[in-house]
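Undergrad: Following this message is one structure expressed as C-alpha cells.
Please treat every number below as a calculation from the coordinates, not as lab data. In this text the structure is predicted, and so the values were computed from the model without any measurement. Cβ: placed from backbone, ideal geometry, glycine included. Neighbour counts: every protein chain shown.
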Number of protein chains: 2
Amino acid sequence: MSNTRSDILAAARGILAEHSLADLTMRRLAADLGVRPNALYWHFPNKQTMLAALAEDILASIPGPSPDIDWLTELHRLATDLRAVLLAVPDSAEVVSSAWASGLADRSIEKTIADVAARGQLSAQASSGLATAICQLTIGLTIEEQTRTQMERLGVTGSSGRVFSAEFDDALDIILDGARARSEINTVA
Amino acid sequence: MSNTRSDILAAARGILAEHSLADLTMRRLAADLGVRPNALYWHFPNKQTMLAALAEDILASIPGPSPDIDWLTELHRLATDLRAVLLAVPDSAEVVSSAWASGLADRSIEKTIADVAARGQLSAQASSGLATAICQLTIGLTIEEQTRTQMERLGVTGSSGRVFSAEFDDALDIILDGARARSEINTVA
C-alpha cells in the first residue's frame, strides 16, 4: 500500500503493460495501489491530469540533445528515441496524443526538436513544422502499431506482416530530407 | 426502419457527429436504425468490419489525382483533402487509424500518394515513405484535434488557442520539400 505521485504513475504503466488504456481508470489504479480512490485525487485532480503526468513521465526518459552532435543526426536520434520510449509502454502513443490535446502536458519534445532544427538555420516556422511532422509521424504510426499489438494480443487477428520500423524509417528519411533542403536554402542565401 | 449497408454507415456517421466513437456500438447502431442487433451482422460480421467499411466510406470522397496537374501540387491537394474529409466526421481519424491497424480496410490513399510521388521520379521506397509521412501527419494531428474538439464540446476545457491548420500546413511543407529534394536528386542523376 503506497500512494506517492511516482507510485501512481508506476501503477498506471503497469496497467497499460498488462491490460490496456481502456482499463486505466482511477478506480483500478486505486485498487492496484491498495488505497481508496479519493486518495489519488490528492495528487491528481482528475484522470486527464494523471494521464498528462504519465505522458510527461514517459517522454522524460528521452535524452536531451548534445551540441557536439550534428543537428540532422540529433534529429534522427530524437525521433527514433521518441518512438522507442512509446513502444516500451503499450498504448502510450494514445496517452501522449490525448495529453497533448488536453493542453495539460508540456510538449517539450517538440520544443527540443525545433531548437535542434534552428541549429541547421531553419526558420522558426520551418523548425516548428518539422517538429510537428516528426512528432505526428511518430505518434500516428505508433498509435496504429500499438492498436495492432492489442488486437493480436486479444487474439482478434494474427500478425499483420507489416514492418512498422521500416515504414517509420522511410517516412523519417523524407522528413529529414525536407529539413536538409530548408537548411541549404538558408545557408546559401 | 431500414437496414442496407449504406444505411448502417450513414447511421454510424450520425452517431459520431452527435456523440463520439465511444458511443458507436453495434447495439446503438441497431437502435438508431430501428432493427435488432442481429440484423446488422448480416452486413458486417463484427464491429471492426463495420469500422473498416466506415473508414473506406469516409476516405472514398477524396477525388483521385489528375495526370494534368503537377505532382507536388497534387500531393499537397491529396493531403489537405485527406485532412478535410476527416475533420468533416468527428473522431474519424481514430476510426481510420483503427481500421488501418486491423488490416480490414484498404489503404488506397497511401497507394494513391505513392503513385503520384512516382511521377516525380521518387524511388518506390521514397514514395512509400512519403505516403506514410503524409498520412500519419494527417491522422496523428487530426486525432489530437478531434480529441480536443470532444473535450471542448463536453465542457472539460475551453479553447486551446492552437491553430491546427497552421501546424498542419507548416509540417506538410517540410515533408513536400523532402519529396522535391528526392525528385531533384533522381532527375539530375
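Undergrad: First check a/c for the protein assembly as shown, with a ≥ b ≥ c the square roots of the eigenvalues of its C-alpha gyration tensor; if it is under 1.5, answer rounded, and if not, answer prolate when a/b is larger than b/c or oblate otherwise. Each step should come with its number before you reach the end.
TA: Values: a/c = 1.94, a/b = 1.15, b/c = 1.68.
Because a/c hits 1.5 or more and a/b fails to exceed b/c, the protein assembly as shown counts as oblate.
Undergrad: A further question on this structure: Could you give, in nm with one decimal, how far A:Asp115 is from each other copy of that position, shortest first, with labels 7 Å out from Cα toward Cβ?
TA: Spacings between copies for this position, smallest first, are 4.5 nm.
Undergrad: Now for a different question. Relative contact order for the stretch B:5-45: what is it in percent, counting Cα pairs under 8 Å that are at least 6 residues apart? Numbers along the way, then the final one.
TA: Numbers: 25 pairs, mean separation 14.6, N = 41.
Once normalised by length, the contact order is 36 percent.
Undergrad: If one computes the Cα centroid of the stretch B:66-130 and of the stretch A:71-146, what distance in Å separates the two points?
TA: Each part's Cα centre sits 21 Å from the other's.
Undergrad: Once both labels are modelled 7 Å past Cα along the beta-carbon direction, what's the A:Ser123-A:Thr187 spacing in nm?
TA: Label at A:Ser123, label at A:Thr187, 1.9 nm between them.
Undergrad: Continuing with the same structure: Label-to-label distances across copies for B:Ala22, with labels 7 Å out along Cα→Cβ, in nm, shortest first?
TA: Distances to the matching label points in the other copies: 1.3 nm.
Undergrad: Averaged over peptide B:178-185, how many Cβ atoms belonging to another chain are found within 10 Å of each residue's Cβ? Present the calculation step by step, with values, prior to reporting the outcome.
TA: Values: counts 14, 4, 3, 9, 5, 0, 1, 1.
Mean inter-chain Cβ contacts per residue within 10 Å come to 5.
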